[in-house]
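The values are calculated or read from the model by the stated rules, or taken from the named source; none is laboratory data. If you're wondering where the values come from, they're calculated on a predicted model, not measured in any experiment. Cβ atoms come from the backbone with ideal geometry, glycine included; neighbour counts cover every protein chain shown.
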Amino acid sequence: MGERHALAEGLRAYGLIAGMWVRSSMTYRTSFVVTVFGNLVVTALDFVAILLMFSQVDSLGGWSLPEVAFLYGLSATAFGIADLVLGSMDVLGGRIRDGSFDTLLVRPAPVLAQVGADHFALRRLGRITQGAVVLGYALVSVDVDWSAPKVLLVPVMVVSGAAIFSALFVAGAAFQIFAQDAAEVQNAFTYGGTTLLQYPPTVFGKDLVRGVTFMLPLAFVNWVSAAYVLGRPYPIGLPSWAAFMSPLVAAACCALAGLAWRAGLRSYRSTGS
Amino acid sequence: MGSGRLYLAVAAGGFRRYATYRAATAAGVFTNTVFGVILVYTYLALWDEKPHLGGYDQAQAVTYVWLGQCLYATLAIQGGGAEKDLMERIRTGEIAVDLYRPADLQLWWLAGDMGRALFQMLGRGVIPFAFGAIFFPMALPTAPSAWAACLVALLLAMVVSFAIRYLAALSVFWLMDGMGVNQALMITGIFFSGMVLPLNAFPGVFGDIVLVLPWAAQIQMPADVLMGETDPLGAFAFQAAWAVVLLAAGRLLQSAATRRVVVQGG
């Protein structure tokens, strides 16, 4: 009962704060439209890189362009959703440094909701749009014998992927409480993670694939399930039911990230200035 | 007089300012290393499929990746160098103080940015590059002259990089807000510098065009000079020509801005 109440309250607080940031960004409408477009173009550069590569070759790591686009679309859309919901968490380091984090602690709303909605930026819809367009292209052009489980896996991957990336953002925020200035380290996992997943697993060394499958389970955002959908063997042999494990992996990641966040919050010492 | 010393002091200040944030620098080193590893694997797959793409072999492609990671912050490829502060000073009107100084505005900011770039290269760039050299096969020259030539190319690259960003920053005199310009800087910087793919691997006529744009002076030229893929003197001439043209354009824009624009602020 109490937990559910806290969750509803957190969502409400998140909605209120996010709404405030949206209204503030809508004050300068032209600027908003331009930044949405800019955001879309910046994120599209990753895909332009892939297109440039495929202008020279027919396959990469044995995967065709529609197949790589499938990976890209899933990774970019899932990351885009997490980035929209929690992506402003990298300003947390700044708030801890200048002491304004203290203000969030005394407000009668869950801190995670406040931090998540801080500087909420609707312009990040640009990334989701761009990812979804590539995913759409991939779905119509990829050569797959669609069955019910395969169709179902597509939305499951997007949602679980977004949850896994969200867990990374929250864990990154917890890390910033300890590390402060070192906020950029989390970029290696968030932005680095989504870039990694845009390419076929066959491109990377087996140890790296093992690491992002079992240690930091990024592979469950798209690699494992997409390999099943496309009927390709996953480079490190996994049973076929692993393709359906991403919601469980996502739930476990979120639980661990929640624990890390609580530990971080408990150990917080104000700058005192 | 001691004007040379003044700009040296400004450069030293820029160096020290960035050197203060050790944890942030360490974090940057880590991030650049991770991205380098990801890129290396994708490039290896590409060059595996098409050997000698753009005239590079696999080891050269790997070298290009790590040089790119080394120069990413050094040349502020996605922005975030002196132009960020300059834009803010124009927006708030503090630029009026800079204009009062008995120093040349462009040289002042150039000196500060060179100091920043030197620190970013030594503090943030060298370690990922060394990491790459240890764990991946790279095409590094043994002759000291090649390294010296690369160093010259790097210094010229820093000047060209600053000249591009200085022009962008001055636009804020008219635009008042640098957000859109920063985005444009980021997009052009990442794409035309060859961060996504070496410029010599771009297809067809498009590939010929990107190789003569000023951004080619940033990563492509130093990389080709280091690996002996181009005549160093020709590369220096290309970089210096763009540096002169862009700095001159910056001076023109600067004089137009300071003559016609009313400084913001109370």
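Within the span defined as the stretch A:51-60, every residue fails to be within 14 Å of chain B (Cβ to nearest Cβ), at positive phi, part of a loop (DSSP other than H, G, I, E, B) and touching a Phe, Trp or Tyr at 6+ places or on another chain (Cβ under 9 Å). A:Ala242 - would you say it is at the interface with another protein chain (Cβ under 10 Å from one of its Cβ atoms) and either surrounded by 23 or more Cβ atoms within 10 Å (Cβ to Cβ) or more than 21 Å from B:Tyr41 (Cβ to Cβ) (or both)? Judged against the criteria, A:Ala242 is not a match. The residue that is farthest from the other protein chains (Cβ to nearest Cβ), among those in the stretch A:20-48 that are surrounded by 14 or more Cβ atoms within 10 Å (Cβ to Cβ), of a type in the set (Gly, Ala, Ser) and over 20 Å from the mean Cα position of the chain (by Cα), is A:Ser25. A single member of B:Phe238, B:Phe192 is within 14 Å of chain A (Cβ to nearest Cβ) and either of a type outside the set (Val, Ile, Thr) or surrounded by 19 or more Cβ atoms within 10 Å (Cβ to Cβ) (or both), and it is B:Phe192. Of all residue pairs spaced 6 or more apart or on separate chains, those with beta-carbon atoms under 7 Å, a first member in the stretch B:13-38 that is more than 7 Å from chain A (Cβ to nearest Cβ) and a second member that is buried (at least 21 other Cβ atoms within 10 Å of the Cβ) and among the hydroxyl-bearing types (Ser, Thr, Tyr) are B:Asn32/B:Tyr72. Within the stretch B:142-169, the set of residues being of a type in the set (A, V, I, L, M), more than 12 Å from the chain's Cα centre (by Cα) and either within 14 Å of B:Tyr64 (Cβ to Cβ) or in a helix (DSSP H, G or I) (or both) comprises B:Ala146, B:Ala148, B:Ala149, B:Leu151, B:Val152, B:Leu167, B:Ala168, B:Ala169.
Residue by residue, here is whether (1) surrounded by 21 or more Cβ atoms within 10 Å (Cβ to Cβ); (2) not aliphatic (A, V, I, L, M) holds:
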| site | (1), (2) |
| --- | --- |
| B:Pro198 | yes, yes |
| B:Pro203 | no, yes |
| B:Val212 | no, no |
| B:Trp215 | yes, yes |
| B:Ile219 | yes, no |
| B:Asp224 | yes, yes |
| B:Gly228 | no, yes |
| B:Leu233 | no, no |
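Among the numbered conditions (1) within 14 Å of chain B (Cβ to nearest Cβ); (2) in a helix (DSSP H, G or I); (3) within 21 Å of A:Leu238 (Cα to Cα), the only one that A:Phe175 does not meet is (3).
Of the residues A:Asp181, A:Asp207, the single one that is more than 16 Å from the chain's Cα centre (by Cα), surrounded by fewer than 16 Cβ atoms within 10 Å (Cβ to Cβ), within 14 Å of chain B (Cβ to nearest Cβ) and over 27 Å from A:Val48 (Cα atoms) is A:Asp207. Looking across the stretch A:193-217, the residues that are touching a Ser or Thr at 6+ places or on another chain (Cβ under 9 Å), hydrophobic (A, V, I, L, M, F, W, C) and in a helix (DSSP H, G or I) come down to A:Leu196, A:Leu197, A:Val203, A:Val209.
Checked against the criterion of being part of a loop (DSSP other than H, G, I, E, B), of a type outside the set (Asp, Glu) and surrounded by 24 or more Cβ atoms within 10 Å (Cβ to Cβ), the candidates B:Ala117, B:Ala139, B:Ala76 yield just one match: B:Ala76.
Residue by residue, here is whether (1) surrounded by fewer than 17 Cβ atoms within 10 Å (Cβ to Cβ); (2) modelled with pLDDT under 95; (3) part of a helix (DSSP H, G or I) holds:
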{"site": "B:Asn32", "(1), (2), (3)": "no, no, yes"}
{"site": "B:Tyr43", "(1), (2), (3)": "no, no, yes"}
{"site": "B:Tyr64", "(1), (2), (3)": "no, no, yes"}
{"site": "B:Tyr72", "(1), (2), (3)": "no, no, yes"}
{"site": "B:Asp98", "(1), (2), (3)": "yes, yes, yes"}
{"site": "B:Ala103", "(1), (2), (3)": "yes, yes, no"}
{"site": "B:Gly112", "(1), (2), (3)": "no, no, yes"}
